[in-house]
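Here, each number is a calculation from the coordinates, and none is a lab measurement. Please read all numbers here as calculations on a predicted model, not as lab measurements. No Cβ is skipped: glycine too gets one built from the backbone with ideal geometry, and neighbour counts run over all protein chains shown.
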Amino acid sequence: MAPARQLAMTYHERWEIEIGFAELKNRLRGSGFILRSKAPELICQEIYALLTVYQALCALEIRAAEQAGIDPDRISFTVTVELARLKVASQAATDATTLDATRRGA
């Protein structure tokens, strides 16, 4: 039988995983999102793309949390997604030089 403290920590980790799934399914994709691909290989590609964007946004949250000296769990994933979308939309009409400078953080 596992000690109560170990069970409590495991339960907490399970909820961290559930929160990650919710962020991916509900906040990143958005309600009503349907994969467009019909072929299994392309469906996998879409899923990998979503996971890649999710990981990039999580890395952004971690970096922001480190700079602020706070726990990354205190940063809203929904706000992170909204800010990323706004930033991408604001750069849609810029030239390659501006995009490169933004990518480098200059």
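Residues considered: GLN67, GLN45. Of these, the only one that is closer than 23 Å to ARG104 by Cβ, part of a helix (DSSP H, G or I) and not charged (D, E, K, R) is GLN67.
Of all residues in the range 27-75, exactly one satisfies the criterion of being touching a Phe, Trp or Tyr at 6+ places or on another chain (Cβ under 8 Å) and among the acidic types (Asp, Glu), namely GLU61.
Of the candidates ARG74, ARG63, ARG27, the single residue that is among the basic types (Lys, Arg) and either in contact (Cβ under 8 Å) with a residue 60 or more places away in the chain or loosely packed, with under 11 Cβ neighbours inside 10 Å (or both) is ARG74.
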